[in-house]
Amino acid sequence: MEYNYEKILWEGYGLRFYGGNRIRTGYLCKTDKGLLEIRKNTSHKKQILFEYDIKEHLYQKGFCNINRLEISQQGLPYYTWEENDYIVEKAVETEPLEEEEKQTFVIGAKTLAKLHNVAKGLNSTAGYFAVKNRLKIYEKRRIELLKIKKRIEKQGGYSALDLLVKQNYNYYIEKIEQANELFLEAEYEKEMKRVEQQKTVCHNAFKGENIRKDEKGNVFVTGFSKCTYDNTIVDLAMYFKRFLKKQQWDVETVENMFSVYHNENPLSLQDKKMLLALFIYPEKFLSLCNEYYNKRRVCVSPAMLERMEVCIAGIEKNEKMIKWLQTI
């Protein structure tokens, strides 16, 4: 295996390989250019180009605590070897921020705001990612949930998962409709055009291992491979949900997170309505329903049932967040 990495570094980048070890995201290598990480890319080449453009845009505008991609001898931010694309990026000795600490999420919210603010105006040559039309997606999911309920009711007997879906169906269908109404109030179609004009970027994986710090306490952001053009409120909503998943409800921390984000990247009234809509929309519940019912699973695994139970158990904290968002 090490021989493969040695060949990739030498043939692709003209670098000497002095050994290394496997890490969670790839392979950490010692080279004549310092520590570098090699990772195998499983997405489209245009995704790599988009990631490269984002990182260079951020770096040039002063957001430097990122792992920039190395350029291969072919002038590309990847090297193709044996029909696989490999990315080489600078490695920095960091560790993930501890999500057991509430202050971590305040630091994370401020970092996310800086990222969003600096990323505005990215002109990527990849030209690959279109903004999602959530109004169409929500309507599609609403119809799917209706079909799932009818399918359950036609069966002779119910599984434990069927019962959970039936018992909570009215709550979740109401949430889908509420989210849809809020998006209409926020003039979502205009917001989509604004995103296209301002070229705002979503990280889409701003959590856990991707928010890190070095020994001096500097915060780094990694995991840019899922970035897309989108409304930045999507990232913020997902980060708030991450907080609720990891911590007990705490209005003081939520207010601090919102405050530090808003100070760095001010939110309009439309943004606030969209944030509320994204929190009301039951994305996790619908994702689990799709994973089981639309893929025609033969039986309900204990893991699937547990995930659905955890999702439904989070309703109380989610409702507290919704009530708070309605006051901002």
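The values are calculated or read from the model by the stated rules, or taken from the named source; none is laboratory data. None of the values given here were measured: they were computed from a predicted structure. Ideal geometry is used to build each Cβ from the backbone, glycine not excepted, and the neighbour counts take in all protein chains shown. Surface areas here come from the heavy atoms of the whole protein model, side chains and all, with no ligands, DNA or RNA. Shrake-Rupley method; radii C 1.70, N 1.55, O 1.52, S 1.80 Å.
What is the pair-distance distribution P(r) of the range 151-276, computed from all Cα-Cα distances in 5 Å bins starting at 0, with each bin given as a whole percent? Calculated P(r), rounded to whole percents: 2, 8, 12, 17, 18, 15, 11, 8, 6, 3, 1, 0, 0.
Ranking ALA91, GLN103, ALA119 by how far each Cα lies toward the positive end of the dipole of the range 37-127 (charges on Cβ) leaves ALA119 at the top. Of the solvent-accessible surface of the range 1-58, computed with a 1.4 Å probe over protein heavy atoms with every protein chain present, carbon and sulfur atoms account for 49 percent. Specify which residue in the list LEU244, ASN170, GLY34 is farthest towards the positive end of the charge dipole of the chain, using unit charges on the beta carbon of Lys, Arg (+1) and Asp, Glu (-1), about the Cα centre. Of the listed residues, the answer is ASN170.
Of GLU56, GLU306, GLU93, the residue with the largest accessible area leads and the full order is GLU93, GLU306, GLU56 (1.4 Å probe).
Only Lys, Arg, Asp and Glu count, each charged at its Cβ (+1, +1, -1, -1), so figure out the dipole size of the chain about its Cα centre, rounded to 20 debye.
With only Lys, Arg, Asp and Glu charged at Cβ, the dipole is about 860 debye.
Computed over the range 23-103, relative contact order equals 31 percent, with contacts defined as Cα pairs under 8 Å that lie 6+ residues apart.
Looking at the chain, what % of its DSSP beta bridges pair antiparallel, to the nearest 5?
So the antiparallel bridges amount to about 95 percent of the total.
Show me the GluC sites (Glu not before Pro) within the range 150-228 that DSSP assigns to loop and that have at most 15 other Cβ atoms within 10 Å of their Cβ. Listed in order of number, the matching sites are GLU187, GLU215.
With the cut-off at 1.5 for a/c, could you classify the range 1-151 from its C-alpha gyration tensor as rounded, prolate or oblate? Please list the in-between numbers first.
Working: a/c = 1.82, a/b = 1.54, b/c = 1.18.
Prolate, because a/c is 1.5 or more and a/b exceeds b/c.
FRET efficiency for the ASP32 to GLN74 pair, using the beta carbon distance and R₀ = 25 Å, is estimated at 0.80.
Across the chain, C-alpha contacts under 8 Å between residues 6 or more apart give a mean separation that, scaled by the residue count, equals a relative contact order of 19 percent. Taken per residue, the accessible surface of the chain reaches 52 Å², heavy atoms only and a 1.4 Å probe.
If you model the chain as an ellipsoid using its alpha carbon gyration tensor, with each semi-axis the square root of five times an eigenvalue, the axes come out at 37, 25, 20 Å, biggest first. Here the range 184-229 yields Rg over Rh of 1.19, to two decimals, using C-alpha coordinates and the Kirkwood radius.
Taking the range 275-290 and a reference point 7 angstrom along Cα→Cβ of LYS150, no backbone N atom is nearer than 14 Å. With a Förster radius of 22 Å applied to the beta-carbon distance between GLU177 and ALA303, the computed FRET efficiency rounds to 0.15. The accessible surface of the range 104-182, taken with every protein chain in place and a 1.4 Å probe, is 49 percent carbon and sulfur.
With the highest mean first, a sort of the peptides 276-282, 317-323 on other beta-carbon atoms found within 10 angstrom per residue produces 276-282, 317-323. Pairs spanning more than 20 Å between alpha-carbon atoms, out of LYS207/LYS241; LYS149/LYS246; LYS136/LYS284; LYS132/LYS193; LYS55/LYS246; LYS40/LYS216: LYS149/LYS246; LYS55/LYS246; LYS40/LYS216. Once both labels are positioned 7 Å from their Cα atoms along Cα-to-Cβ, the gap between LYS226 and ILE137 label points is 1.2 nm. Taking 0.36 nm per residue of sequence separation and removing the Cα-Cα distance, the TYR158/ASN21 pair yields an extension gain of 44.4 nm.
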